[in-house]
């Protein structure tokens, strides 16, 4: 993401570019405790391209941050060295609590919806929950993500009923801890961010191409989320990959991510979720903007 201050103080960010490439840096980290060499190479390649583009757009500051997978990796110093070389800055490895707060900031900035907000950020290695109005009053980062659950629990293609039941049980067990630490049921609006909910909404809307403007801050009902989950779970990875709005690298993990979304909506009584295209990237940019 490349952005600058908006034209007025209350308009936040003016965005010039936003790209998304799934590099799967967390592939296998939960098993080995290390970033896989191929995953690191993929990530470095994208990082180099992003830095060149940011420099071409005359970015004054380049900020590179990492979340769950890198937090857990014993060899994260290898990525830190690459960031230092190409971005000219230090890699920020964000704690789970701070990740939740930044996602909350990015997702709720300028949001006109019933408060308090519950921001749900479904990642590859972790999922964050944050509740608050102007800022998070409580938050928690959980060790469930679309990549982690897929690697651990989904054995067949398409996933079997046993696979799906195992994912649901894992999510439900983790949500027991979420409910004990975060007042999720006080929220007036569930705001769902990251690639799982935006892709599910794109499928629900029947989009022939990925259109962020159609998706951003649109409502996804629980029955629609359940319908899309059921359809995706019945497909093979190749069939999911052929869906026009499915980003490369997401087809094999979208089912586990969809289970997280549906189970959260069911468990905490949300009949619909507000799907947001703004997320932790926007939170990082807004935080940086406030320091300039």
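Values for this structure:
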read-out: Calculated FRET efficiency for the pair residue 290/residue 181, C-beta based, R₀ 25 Å, to 0.05; value: 0.35
read-out: Top of 230, 38, 60 by mean-square fluctuation, Gaussian network on the chain, Cα under 10 Å; value: 60
read-out: Residue order, fewest to most beta carbons within 10 Å, for 22, 35; value: 22, 35
read-out: Taking the convex hull of Cα positions in the chain, its mean projected area over all directions (nm²); value: 14.4
read-out: Protection proxy ranking of 205-214, 219-228, 259-268, 276-285 - average other beta-carbon atoms within 10 Å, highest first; value: 276-285, 259-268, 219-228, 205-214
read-out: For the chain, built as a Gaussian network whose Cα springs stay under 10 Å, the top-fluctuating residue of 198, 32, 127; value: 32
read-out: Helical mean residue ellipticity (222 nm; -39500 (n - 2.57) per DSSP H run of 4+; nearest 500) of the chain; value: -14500 deg cm²/dmol
read-out: Mean-position separation - Cα centroids, region 223-266 and region 77-150, in angstrom; value: 22
read-out: DSSP beta bridge pairing in the chain, given as percent antiparallel to the nearest 5; value: 65
read-out: Descending semi-axes in whole angstrom, ellipsoid equivalent of region 147-253, from the Cα gyration tensor; value: 23, 21, 11
read-out: GNM flexibility winner over the chain from 112, 173, 162 (Cα, springs under 10 Å); value: 112
read-out: P(r) histogram, all alpha-carbon pairs of region 1-97 included - 5 Å bins from 0, percent; value: 2, 12, 21, 22, 18, 12, 7, 4, 2, 0
read-out: Radius, Kirkwood style, for region 212-291 when every pair of distinct Cα atoms is counted (Å); value: 14.4
read-out: Extension gain, residue 241 back to residue 5 (0.36 nm per residue minus Cα-Cα distance, nm); value: 81.3 nm
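The numbers here are math on the coordinates, done by the rules we state, and not lab data. Keep in mind it's a predicted model, so treat the numbers as computed, not measured. With ideal geometry, Cβ positions are generated from the backbone for all residues, glycine too; neighbour counts draw on all protein chains shown.
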